[in-house]
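Colleague: This is the structure, below, for whatever I ask next.
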Amino acid sequence: MTLIGQRIPKIDAPEKAAGKTRYVHDIDLPGQLHAAILRSARVHARLVRIDATRARALPGVHAVITAADVPDQRPIGVAKDHLPLKRDRVRSTRDEIAAVAAESEAIAREALALIEVEYEDLPVLTDAVAALEPGAPLVHPPIAGSKAGAPVGVAGKSDNIAMRFDYGHGDVAQGEADSDVVVEDTFALHYVTHCCMGVSGVIAEFDAKGNLLLYSNTQVPFLHKREFAEYLGMDPGRVRIIQPPIGGGFGSKLDIYPFEVIAVFLARATGRPVKLVFTREEEFLASPTRQPVHLTLRSGCTKDGRLTFRSVRTIHDNGAYTSWGATTPFVMMQTFSSLYRVPHCDYHTVAVYTHNPYAGSFRGYGNLQATFAIEQHMDQMAEAIGMDPLEFRLKNAQEVGEVTGQGMVFRSCGFKECLTLAAERSGYTAKRRAYAADREHDRDARFKRGIGIAAMLHVGGGAKIYPSDGCGTILKLDDFGHVTLITGASEIGQGSETVLAQLVCEELGLPISAVTVVNNDTDITPWDVGVHASRTTFIAGNSALGAARKAKAKILAAAAPRFDAQADDLDLSGGCVVRKGSGERLTDLPRLLRSLHFNDRAELVMTTFYYEPPSVHQDKGYKGDVSAAYAWAAQVVEVEVDTATGIVRMLQVTGAHDVGRVLNRLGLEGQIEGGIVMGQGYALTENLDVVDGRIRNPNFRDYKLVTAPEIPAMDISFIETMDGEGPQGAKGVGEAPAICIAAATANAIANATGVRITSLPFTPERVYRALRGALPPTQPVPLAALPEKAAA
Amino acid sequence: MSLEIEIGFTLNGVARRAKVPVGMSALTMLREVCGLTGTKYGCGEGECGACTIRVDGKTLASCLMFAADCDGRAIVTIEGMAGDPRGQALQRAFVEHGAVQCGFCTPGMVMQAAELLARDAHPDAAAAKRAIEGNLCRCTGYQKIVDGICAAAQALDKEHAR
Amino acid sequence: MTMEAVQKYLAPTRLEQALAALGLPGGATVLAGGTDLMPQTHAGRIRPAATLLNIRRVEGLDTVEVDGDHLVLGTLVSIERLRFDPVVARHAPLLADAAEHFASEQIRNAGTLGGNLCNASPAGDTLTPLLALDAEVELAALSDAGTVQRRRMPIGAFFTGPGRTARNADELLVGVRVPVAAGDAVWRYAKAGTRPALDISTIAVALAARRAGDARLTGVRLALGAVGPTPLRATGAEALLEGQVLDAARARAAAEAAAADARPIDDVRASGWYRRELVRNLTQRMLDDVARN
């Protein structure tokens, strides 16, 4: 019986359910010290004086370091603007000023309180638009005497622009001319944060040879290894990363953060292993957020319902330092250019330095923000031309074989099927009309129901943004038919380990219990770029399959002469070598493996495979078929709005997902349910309250994650489009389910109340205000504020 | 130097003694003094449920409890669920129903769900959700945890029917 | 580390011992369930005194009983017990309903009635219903002769500000007395929030009254939580309702008056404006419901 499509429990679930799993927090190395970080008390200030004398004198303290103690430190991050220990000024309340290594965490934190810091306050800039104005204070002012070409973290820069992106296909002016309806709105997307249940932590140790061992929660171990080596001036071969099981990732661990580098500095300074674990408050304060986006979208269509153009300008508050949040435009422009058929599109965005906390990568990576805007406009345009919103979407949804303006090739495509199925199963069309009628007839009703639909497009076969988007696998079978699958792909709780084992076992005709997966040590595993872009099932899956197929071919080639058959006539099934067709069992696999091993021409079955997806790098205009496959989903959200309080209850989410092929049905459902509830939080309950550069709610009491009684009923369907390149036809889904919930919810609230809200979150007070016209309107992104494309 | 208190308590059925700083939480004691890392630090403020343990038959947040207050009490942690029929049924059901992803919230969920089943042998989904309202999960969206709790209740029923 | 200052830890079993400890030099910080004390000390918001006094083992402080026409609740009664105890359900259903919406089971199991009252958060879930029920607190101290002296105080006078009560440093809150609900009692409780429980109230409204055969309301108490420095009585609204028959117009007027009685601030959870809107809307819905039933 096939394993594909079955409900397969996660391989590591029993251990986790028993509380036996050792996360980084649970690991203690002999002789280890505990570290704690002193963060800035000010938003923007000159560091006049740091005096650690009393801290150093505290019994149990082994080291206190500041920037002065690590003159060789280099700036980290994609824009190299981020020194781990801040030198002469602090630019945000996250800024790391000093760090302590001590015998215990309690002593380390006590020592922090003994470090004296004298600040000289500087003007605070927390508005990205203001930061673009001429004469605005510079977040990274140029440093006199710097070498040309030196990174921003060392040399500063003469403006507040961290990054800019400009994209276009077709001719937007032509598109506007072709339009019968044009809508323009400004959307404001807020700060939220990952809230992984396991807080950030790291252990750093230098061994007797001076090699660095890091116990890290990183989602990109090989990139991490290379970057650490670079920052420490070490040979990358002498850096080893071990990944303990992680208490949640969701994209929060794709970058290098100061705390890890600081732990390494302390390990170097003390000659002891150093363990650094955040408090939850620190996790809220110091972890990167989702990228907040201020977005003006102009969309057009003809009166017979064809989309004509999209014109987008956005400003991203980059915060004080650049992390992956600044690169969300890569993903956003894919959505703007290619979600539905759009002949003309342009997109301009600027990431602007401010003194706010910086954003990183977070499940969906800009797609939630872009979809929120696009899908509201789809409803608005449909209404303007008097067309049913589902029909309008179906009219513009792409089909198999289409190539978008950005060059994405849709080799497998279940877009229309997703829309149709989600609408059908939810009763969308009839309910939408009924709720709209209720709205008209019973304006004073306290509880109003509404239903809304939104679709999404995301990469489903990796994303070729690094020189390689590949993954390596090493496979071995032992004398007993037990398989060790050594993969570069990390497990971040999403179940990749189980899916890879499933693919291999399917190929080799073995039960899941026959596989051990090794995936967490860069000294052992082959290279993988990392867990991001929903790529792991697709790319690591194909890699594992490649190695498994080689192993199978080797086994059958060895078996064939023993049974007077051709290798092509044989198969592996039920732990045996069998004849195809009849299914006759010829020998059990372990016996065959032993006979291969214990003979004159001894052979072990060990294979390797590196899978590089056939995608391409984008050109300088961001065009290109950047993924090996693309995935779609449509979600219908039904809500009930309490007009007396503004509370929005999410009653039901009906989703249809183009997954290519269902591999582990249990794991897939779990990913989607979790993503839906994450989307629910983004839409309704979560808000990181950043005011004047400070986070006012760094705790679970006031940052509200969705709790169990609040979840909607969830109806999830899968569309199997059998992608030709995907492993067994599967595509990636890790990010998809979170992406269109907020958009569908906005449409549902509009259906229920007649009020369209273009800013998140839909928390009770904001919805209450919106219903009474008391929500401050969003301000259009000033096109004039976006400076001319900077000279290279 | 912090004042230290000598206490005696049973931990997962075994009597033991400890000497703990007066300000130490039960959570820290369990993890660092007793070496049981199954109970997790999630927030330190009783808002997330990751540190849930059972004390004298009732669940509470060990991060909010003073270690000194463990004196004379019967404490059960996730490690003690190995010998508990409800705990076993829940762990099996959680595995089978996909209720575990990153697993960080899982020990607290098992502890809290076991408390529910001790009180209510036939919870419906709504009762299960209310019971874990103080246990946050970021990965699963709770649905499969609720499924697992209800399935465990049914499995226990079948056991008792025999 | 704030706990460095603690020199003595006591866990007495008798009330006299506990009260004696309050008089020790350097003062005493009272520990019951710890659900407020632990996070407050860790955050540095409370500096513990020289003695940490754990009263959880003091005998006789966790009873629930009826004494004539009063329900008497011991200070150590857990919130979870308030939720499920049949005696509480029969005689003070408003309190049981508030306990239903309190935090989470883990917090309810450890949290005590006395702890919730002495923490005196304006959003404290037991405070508002007890104010509406005309409850009294009972405080105990040790006399010079070493005997236990008790005094009672209406709960409205007990709360003196956010986090502040009229408890003297040498006193312990030992119990709460709630007049038993009469046969014609009417009560309602509403708490605003997206979650059934784990939510610091944006606002809470508690109504207690009596309604005789002629449908007039008497003894009307309307208490509001999280809209002032302490839970407060909406006396303007009460005056409009007292002795009257409730209809839609009166409900609307009383709701407006309640909103005017509220004194909310802006904070990270909500604006004062929104809190007033909630008071008005929830009070009106509550009163409409009473009028209909």
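Colleague: Taking the condition of being out of contact with any Lys or Arg (no Cβ under 6 Å at 6 or more places or on another chain) and part of a loop (DSSP other than H, G, I, E, B), how many residues in segment A:617-638 meet it?
Modeller: Number of matching residues: 10.
Colleague: With respect to the numbered conditions (1) more than 10 Å from every other protein chain (Cβ to nearest Cβ); (2) surrounded by fewer than 24 Cβ atoms within 10 Å (Cβ to Cβ), which one is the sole condition not fulfilled by residue B:152?
Modeller: Going through the list (1) more than 10 Å from every other protein chain (Cβ to nearest Cβ); (2) surrounded by fewer than 24 Cβ atoms within 10 Å (Cβ to Cβ), residue B:152 breaks only (2).
One line per residue, one yes/no per condition, for (1) of a type in the set (A, V, I, L, M); (2) surrounded by fewer than 24 Cβ atoms within 10 Å (Cβ to Cβ); (3) not assigned by TED's automatic domain parsing to the domain that holds residue B:14:
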| site | (1), (2), (3) |
| --- | --- |
| B:61 | yes, no, no |
| B:70 | no, no, no |
| B:76 | yes, yes, no |
| B:90 | yes, no, yes |
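Colleague: A further question on this structure: Could you identify the single residue in A:454, A:463 that is out of contact with any strand residue (DSSP E or B) (no Cβ under 9 Å at 6 or more places or on another chain), at negative phi and among the small types (Gly, Ala, Ser)?
Modeller: Going through A:454, A:463 in turn, just one is out of contact with any strand residue (DSSP E or B) (no Cβ under 9 Å at 6 or more places or on another chain), at negative phi and among the small types (Gly, Ala, Ser): A:463.
Colleague: Also, quick follow-up: Taking segment A:670-724 as the region of interest, how many residues are charged (D, E, K, R) and more than 10 Å from every other protein chain (Cβ to nearest Cβ)?
Modeller: 6
Colleague: If I go through segment A:71-88 residue by residue, how many of them are crowded, with 20+ Cβ neighbours inside 10 Å and more than 26 Å from the chain's Cα centre (by Cα)?
Modeller: Residues in segment A:71-88 being crowded, with 20+ Cβ neighbours inside 10 Å and more than 26 Å from the chain's Cα centre (by Cα): 3 in total.
Colleague: Name the residue, out of C:134, C:199, that is among the acidic types (Asp, Glu) and within 14 Å of chain A (Cβ to nearest Cβ).
Modeller: When all the criteria are applied, what remains is C:199.
Colleague: From the list A:574, A:530, pick out the single residue that is at positive phi, more than 14 Å from every other protein chain (Cβ to nearest Cβ) and surrounded by fewer than 20 Cβ atoms within 10 Å (Cβ to Cβ).
Modeller: A:574
Colleague: Also: Can you find a residue that is in contact (Cβ under 8 Å) with a residue 12 or more places away in the chain, crowded, with 19+ Cβ neighbours inside 10 Å and more than 14 Å from chain C (Cβ to nearest Cβ) anywhere in segment B:106-120?
Modeller: yes
Colleague: Restricting attention to segment C:181-199, which residues are part of a loop (DSSP other than H, G, I, E, B) and buried (at least 16 other Cβ atoms within 10 Å of the Cβ)?
Modeller: Across segment C:181-199, the qualifying residues are C:181, C:192, C:193, C:194, C:195, C:196, C:197, C:198, C:199.
Let's see how each residue does on (1) of a type in the set (A, V, I, L, M, F, W, C); (2) farther than 27 Å from residue A:252 by Cα; (3) in a strand (DSSP E or B):
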{"site": "A:93", "(1), (2), (3)": "no, no, no"}
{"site": "A:119", "(1), (2), (3)": "no, yes, yes"}
{"site": "A:130", "(1), (2), (3)": "yes, yes, no"}
{"site": "A:136", "(1), (2), (3)": "yes, yes, no"}
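Colleague: Just to be sure I understand, how many residues within segment B:121-149 are charged (D, E, K, R), farther than 26 Å from residue B:31 by Cβ and either in a helix (DSSP H, G or I) or facing chain C (nearest Cβ under 10 Å) (or both)?
Modeller: Result for segment B:121-149: 4.
Colleague: Just to check your reading of the model, which residue among A:685, A:707, A:763, A:721 is over 30 Å from residue B:41 (Cβ atoms) and modelled with pLDDT of 95 or more?
Modeller: A:721
The rows are residues; the columns are (1) free of Cβ contacts under 8 Å to residues at least 24 places away in the same chain; (2) in a helix (DSSP H, G or I).
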position: A:709; (1), (2): yes, yes
position: A:714; (1), (2): no, no
position: A:723; (1), (2): no, no
position: A:738; (1), (2): no, yes
position: A:745; (1), (2): no, yes
position: A:748; (1), (2): no, yes
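Colleague: Across segment C:276-293, what is the number of residues that are under 15 Å from residue C:201 (Cα atoms) and either small (Gly, Ala, Ser) or facing another protein chain (nearest Cβ under 9 Å) (or both)?
Modeller: So the count comes out to 3.
Colleague: Let me ask another. Any residue at all in segment A:765-775 that's more than 11 Å from every other protein chain (Cβ to nearest Cβ), farther than 23 Å from residue A:537 by Cβ and surrounded by fewer than 18 Cβ atoms within 10 Å (Cβ to Cβ)?
Modeller: For segment A:765-775, residues more than 11 Å from every other protein chain (Cβ to nearest Cβ), farther than 23 Å from residue A:537 by Cβ and surrounded by fewer than 18 Cβ atoms within 10 Å (Cβ to Cβ): present.
Colleague: Same structure, new question: How many residues does segment C:6-30 hold that are free of Cβ contacts under 8 Å to residues at least 40 places away in the same chain and assigned to a loop (DSSP other than H, G, I, E, B)?
Modeller: Qualifying residue count, segment C:6-30: 3.
Colleague: Do we find that residue A:732 is surrounded by fewer than 19 Cβ atoms within 10 Å (Cβ to Cβ) and assigned to a loop (DSSP other than H, G, I, E, B) in this structure?
Modeller: Considered against the rule, which asks whether it is surrounded by fewer than 19 Cβ atoms within 10 Å (Cβ to Cβ) and assigned to a loop (DSSP other than H, G, I, E, B), residue A:732 comes out as no.
Residues checked against (1) away from every other protein chain (no Cβ under 14 Å); (2) in a loop (DSSP other than H, G, I, E, B); (3) touching a strand residue (DSSP E or B) at 6+ places or on another chain (Cβ under 9 Å); (4) loosely packed, with under 14 Cβ neighbours inside 10 Å:
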position: C:236; (1), (2), (3), (4): yes, no, no, no
position: C:243; (1), (2), (3), (4): yes, yes, yes, yes
position: C:250; (1), (2), (3), (4): yes, no, no, no
position: C:253; (1), (2), (3), (4): yes, no, no, no
position: C:259; (1), (2), (3), (4): no, no, no, no
position: C:266; (1), (2), (3), (4): no, yes, no, yes
position: C:269; (1), (2), (3), (4): no, yes, no, no
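For (1) away from chain B (no Cβ under 14 Å); (2) in contact with a Leu (Cβ under 6 Å, 6 or more places away or on another chain), each residue gets a yes or a no:
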{"residue": "A:427", "(1), (2)": "yes, no"}
{"residue": "A:436", "(1), (2)": "yes, no"}
{"residue": "A:448", "(1), (2)": "yes, no"}
{"residue": "A:468", "(1), (2)": "yes, no"}
{"residue": "A:494", "(1), (2)": "no, no"}
{"residue": "A:508", "(1), (2)": "yes, yes"}
{"residue": "A:524", "(1), (2)": "yes, no"}
{"residue": "A:535", "(1), (2)": "yes, no"}
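Colleague: Have a look at C:40, C:106 and point out the one that is within 14 Å of another protein chain (Cβ to nearest Cβ), surrounded by 22 or more Cβ atoms within 10 Å (Cβ to Cβ), of a type in the set (S, T, N, Q) and without any contact (Cβ under 8 Å) to a residue 12 or more places away in the chain.
Modeller: Answer to the check: C:106.
Colleague: Report, by residue number, each residue of segment A:244-280 that is more than 29 Å from residue A:19 (Cα to Cα) and either within 14 Å of chain B (Cβ to nearest Cβ) or out of contact with any Phe, Trp or Tyr (no Cβ under 8 Å at 6 or more places or on another chain) (or both).
Modeller: Passing the criteria: A:258, A:262, A:265, A:266, A:269, A:270.
Colleague: Now for a different question. Please give the number of the condition residue A:327 fails out of (1) part of a helix (DSSP H, G or I); (2) touching a Lys or Arg at 6+ places or on another chain (Cβ under 9 Å).
Modeller: (2)
Colleague: To continue, here is another question. Surrounded by fewer than 24 Cβ atoms within 10 Å (Cβ to Cβ), of a type outside the set (S, T, N, Q) and under 24 Å from residue A:357 (Cβ atoms): does that describe residue A:755?
Modeller: no
Colleague: Residues C:146, C:161, C:156, C:175: which one is closer than 20 Å to residue C:94 by Cα, surrounded by fewer than 19 Cβ atoms within 10 Å (Cβ to Cβ) and either in the same structural domain as residue C:123 (by TED's automatic domain parsing) or in contact with a His (Cβ under 8 Å, 6 or more places away or on another chain) (or both)?
Modeller: C:156
Colleague: Determine, yes or no, whether residue B:47 is part of a loop (DSSP other than H, G, I, E, B) and either in contact (Cβ under 8 Å) with a residue 60 or more places away in the chain or in contact with a helix residue (DSSP H, G or I) (Cβ under 8 Å, 6 or more places away or on another chain) (or both).
Modeller: It is true that residue B:47 is part of a loop (DSSP other than H, G, I, E, B) and either in contact (Cβ under 8 Å) with a residue 60 or more places away in the chain or in contact with a helix residue (DSSP H, G or I) (Cβ under 8 Å, 6 or more places away or on another chain) (or both).
The values are calculated or read from the model by the stated rules, or taken from the named source; none is laboratory data. Treat the numbers as computed from the prediction; the structure is a model and nothing was measured. All Cβ positions, glycine included, derive from the backbone under ideal geometry; neighbour counts span all protein chains shown.
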